[in-house]
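The values are calculated or read from the model by the stated rules, or taken from the named source; none is laboratory data. None of these values were measured; they are calculated from a predicted model. Heads up, the Cβs are rebuilt from the backbone with ideal geometry, glycines too, and the neighbour counts pull from every protein chain shown.
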Amino acid sequence: MEKKSLPDKNSSSAQLYKPVQFEDDPRRSFEKQKQKEESKKAEAIIQEKEGYEKGHAAGYEKGLQDGAKAVQERLNRFEKIIIELGDYREQKIEELMPQLIELSLEIAKKIIHREIDLDRNIIMHVAQDAIKKVGEKEENIIIKVNPLDYEVMVANIDLLKEESGVKTVTVEPLASITPGGCYVETQTSEIDAKVEEQIKEVTNAISTAVDS
């Protein structure tokens with residue numbers, strides 16, 4: 001039997017095994033490339049979305065802070081305006097107070113004179129109030145009134161005596177006294193119940209009310 005010899009490992013004729021390389025399928029390469037591009041696009045979209053959300057959150061927070069700051073500034077301005085208006089109001093009241101008092105007095109004068117013109121018996125009420133201020137020990141009094149009120153006073157002189165308890169009541173006409181007022185004299189005192197004095201009392205009352 002013939003014996004065959006094996007090839008020498010060191011022989012130059014020995015051939016090493018090489019794997020067979022196949023060329024890539026063009027369609028498969030295209031799909032891989034397409035997948036890579038789509039993956040990059042998806043990643044870019046995700047990054048863009050995350051950036052937008054972060055930016056939106058930061059912008060929203062800043063917007064809240066700016067809005068709160070703007071509201072506070074407006075509240076501060078509003079408070080300042082209120083204080084200024086209060087100061088302005090007090091200042092104007094002080095400036096106008098003399099005029100207001102004068103106006104009040106003018107109104108009071110008109111009311112008093114109107115009542116006197118409408119009711120001639122007002123002099124009786126004024127005289128009665130004045131007589132009440134006379135001391136109990138007085139026996140004689142003199143009541144001076146405007147000539148327009150003289151007849152009314154004389155007609156009611158007995159009533160004045162009875163109410164006052166005075167023994168003698170004398171009525172004298174005096175043109176310098178404004179209608180509706182009177183001036184009472186006794187041996188020890190004098191009582192000014194003229195219209196001007198009544199208005200003066202009103203003035204004092206108004207001034208006291210304003211100052212309090």
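Only strands (runs of 3 or more DSSP E) whose full extent lies in the stretch 103-212 are considered here, and the ones with at least 3 residues that are not charged (D, E, K, R) are 140-145, 168-173, 182-185. Among the numbered criteria (1) loosely packed, with under 11 Cβ neighbours inside 10 Å; (2) in the same structural domain as I199 (by TED's automatic domain parsing); (3) out of contact with any strand residue (DSSP E or B) (no Cβ under 7 Å at 6 or more places or on another chain), which single criterion is violated by H125? So the condition that H125 fails would be (1).
If only one of F30, F22 is assigned to a helix (DSSP H, G or I), among the hydrophobic types (A, V, I, L, M, F, W, C), farther than 30 Å from A205 by Cα and modelled with pLDDT under 75, which one is it?
Numbers: F22 fails: assigned to a helix (DSSP H, G or I).
Step by step, each of F30, F22 is checked, and only F30 is assigned to a helix (DSSP H, G or I), among the hydrophobic types (A, V, I, L, M, F, W, C), farther than 30 Å from A205 by Cα and modelled with pLDDT under 75.
Regarding I116, is this residue closer than 16 Å to G181 by Cβ, surrounded by 12 or more Cβ atoms within 10 Å (Cβ to Cβ), β-branched (V, I, T) and touching an Asp or Glu at 6+ places or on another chain (Cβ under 8 Å)? Spelling it out, it is not the case that I116 is closer than 16 Å to G181 by Cβ, surrounded by 12 or more Cβ atoms within 10 Å (Cβ to Cβ), β-branched (V, I, T) and touching an Asp or Glu at 6+ places or on another chain (Cβ under 8 Å). Take the conditions hydrophobic (A, V, I, L, M, F, W, C) and more than 51 Å from the chain's Cα centre (by Cα) and apply them to V126. Does it pass? So V126 does not fit the description; no.
Does any residue of the stretch 145-158 turn out to be in the same structural domain as E94 (by TED's automatic domain parsing) and surrounded by fewer than 11 Cβ atoms within 10 Å (Cβ to Cβ)? No, every residue in the stretch 145-158 fails to be in the same structural domain as E94 (by TED's automatic domain parsing) and surrounded by fewer than 11 Cβ atoms within 10 Å (Cβ to Cβ).
Residues satisfying the criterion are absent from the stretch 80-98 (criterion: touching a strand residue (DSSP E or B) at 6+ places or on another chain (Cβ under 8 Å) and part of a helix (DSSP H, G or I)).
Once the stretch 171-209 is narrowed to residues that are β-branched (V, I, T) and exposed (fewer than 13 other Cβ atoms within 10 Å of the Cβ), the residue that is modelled with the lowest pLDDT is T208. For I142, the stated conditions do not hold, so it cannot be described as among the aliphatic types (A, V, I, L, M), within 23 Å of P179 (Cβ to Cβ) and outside the structural domain of D192 (by TED's automatic domain parsing).
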